[in-house]
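Notes follow once the structure below has been shown.
The values are calculated or read from the model by the stated rules, or taken from the named source; none is laboratory data. On a predicted model such as this, the values are computed, not experimentally measured, just so you know. Here the Cβ positions follow ideal geometry from the backbone for every residue, glycine too, while neighbour counts run over all protein chains shown.
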Amino acid sequence: MRGLVTFTLLICTVVILPIRNAASVHAADNDRPNVVVILADDLGWNSVGYHNKQFRTPHIDQLVREGVELDRFYVAPMCSPTRAGLMTGRYPIRFGAARAVIPPYRDFGLPNNELTLPERLAELGYSRRGVFGKWHLGHRRSKWHPLNHGFTHFHGHFNGAIDYFELTRDEVRDWHVDAEPSDEQGYSTHLIAAAAAQWITDSAASDAPYFCYVPFNAPHSPFQAPEETVARFTNDKTKNEQGRKRVKAKNRATLHAMIWEMDQGIGQILQSIADSGEADNTIVWFFSDNGGIGSLPRLNSPLRGSKLSVYEGGIRVPACVRWPNRLPAGTKNQRICGYIDVLPTIVEAAGGVVAVENDRPIDGISLLSGLASETSATSGSTTDAAATSLDSDQAASSARSNQRPWFSYHGQSGIDNEHLAVLHNGWKLKVNGPRLMSKKQLTDANHRIELFHLSVDPNETTNLADKHPSRVNQLGQMLLDYRKLQPHDAVPPYSVGRDGFIPPPQWRVDLDEPDALIGTYADEANQE
């Protein structure tokens, strides 16, 4: 277990610090930044204007210009695991939330013994903590509700893939304000942006800093956008396509429209921050929860792969962070970082420290010192010369970011077809096949073994596994150790339990009954 043990010890030694007395970590209210985290859903690498001018995202592009572009930002290959890692700073495999997303019929959620980002910020004086949009971290028991995970306000939907206009999943309305279903009407992207912007305006009137989490459901399927917006992206060629080509062309035009609408919503949120007069001391962190879907071409180009793969196109996403008071504008950070680093970075920015809770290791690291240094932000790697330009804390943080392994995993279809990958020292090993349980499987015919020298082949064009068996063996051991972290009660494969599920009316939950199940199955209903 040398690979993973070394990694864990590194993190526990240099990142996990004793908790100071709460009073000692509270800076003056006007010194602590407001925090806004904006999460897109299925937004591919090549689907933002600053990577591809065919997509119109002026406000995302504005954030990149005014902040730090995170060029090597990694997430999980699908929705729920990324959200779980963002909320906890931990690889979601540790608490069973990595294998698959949480579908409507699943009796599973983010464990309540995990300490979340809003809960940590509450300890640091952030009295207003709102979430607007797609939760997707458990809904069949109210103990998994956002209000039971540290948020003080919730406005949005529990499930993924809701209808954008009807606000339904499985033909049952899924739209809520706090603990109650809401009859609000409109296009979901518009509703999310408007609610978040208004909440920011209201929160800015308070002396205390706020935390606003905005997980848009766009541009996840179904492909739906206002007709007038779709018309902006529909040309004569699109109209004249036939059959499957016409469907794909229409879907692509609609996707452009969905991304445009989301970007306009981001602009509305940014305007509310500007109008508050607190933009300079407000952190705005933007990224996607995974890569773009594979059914439409070139959404992740030139990266290989798409959502639900651990190729770069599935896990490397557009991302940036803006904080005018601390971070240099217009710089690019090319170190490996990602979703599990958001929590420790924000907690440090808020004046706190991240500590082990109940012996649970934190896998993320704070990126703050590196991002705040213009030298480190624009450097692709840490050299001795670069390190000398930083203070000791910055140099240590920079070294940790480059030296640690980075793991990716999903097994949504079951243990006969799992996807694993590890990045380390410029190399990437990708394994696809039945659950990896021994090194012997690294050489059998049932597994697809791919080794890429990612530092010189970022688009994964050349498989070097046969030429470097010792490196395959080394990285394979890291993957074996990582895969062993998954507990026996992990979230099941996606399709398990789907047949016969009957959603509850309005997807209503009762916060007074934290363990009561909502929804039922046809056979159970018939027995009643």
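Return the pairs, sorted by first residue and then second, in which the second residue is surrounded by fewer than 13 Cβ atoms within 10 Å (Cβ to Cβ) and at pLDDT below 85, the first residue lies in segment 232-257 and is under 21 Å from residue 44 (Cα atoms), the beta carbons are less than 7 Å apart, and the residues are 6+ apart or on different chains.
As it stands, the answer is none, since no pair meets every condition given.
Taking segment 209-231, which residues are more than 18 Å from residue 298 (Cβ to Cβ) and either at pLDDT below 95 or among the small types (Gly, Ala, Ser) (or both)?
Of everything in segment 209-231, those that are more than 18 Å from residue 298 (Cβ to Cβ) and either at pLDDT below 95 or among the small types (Gly, Ala, Ser) (or both) turn out to be 218, 225, 231.
Which one is farthest from residue 339 (Cα to Cα) among residues in segment 107-151 that are in a strand (DSSP E or B) and among the charged types (D, E, K, R)?
By that ranking, first place goes to 141.
Could you list, in sequence order, the residues of segment 406-435 that are closer than 24 Å to residue 303 by Cβ and part of a loop (DSSP other than H, G, I, E, B)?
411, 412, 413, 417, 425, 426
What residue, of 310, 317, 356, 342, is under 19 Å from residue 32 (Cβ atoms) and either at pLDDT below 95 or of a type in the set (A, V, I, L, M) (or both)?
The conditions single out 342.
Pairs under 8 Å by beta carbon, first residue more than 16 Å from residue 268 (Cβ to Cβ) in segment 203-217, partner at pLDDT below 95, six or more apart or different chains?
207/29; 207/30; 208/29; 209/29; 210/204
Sort out for me the helices (runs of 4 or more DSSP H) sitting completely within segment 209-311 that have 3 or more residues that are closer than 25 Å to residue 338 by Cβ and hydrophobic (A, V, I, L, M, F, W, C).
Per the criteria, 243-275.
Select, from 225, 218, the only residue that is among the small types (Gly, Ala, Ser) and more than 25 Å from residue 71 (Cα to Cα).
It is 225.
May I ask you to say which residue of 84, 97 is without any contact (Cβ under 8 Å) to a residue 60 or more places away in the chain and over 13 Å from residue 287 (Cα atoms)?
Selected residue: 84, the only one of 84, 97 that is without any contact (Cβ under 8 Å) to a residue 60 or more places away in the chain and over 13 Å from residue 287 (Cα atoms).
Could you check segment 479-525 and list, in sequence order, the residues that are part of a helix (DSSP H, G or I) and among the small types (Gly, Ala, Ser)?
Within segment 479-525, 522, 525 meet the criteria.
With the requirement that a residue be assigned to a loop (DSSP other than H, G, I, E, B) and touching a Ser or Thr at 6+ places or on another chain (Cβ under 7 Å), what does segment 152-183 give you?
Selection gives 161, 162, 164, 167, 174, 175.
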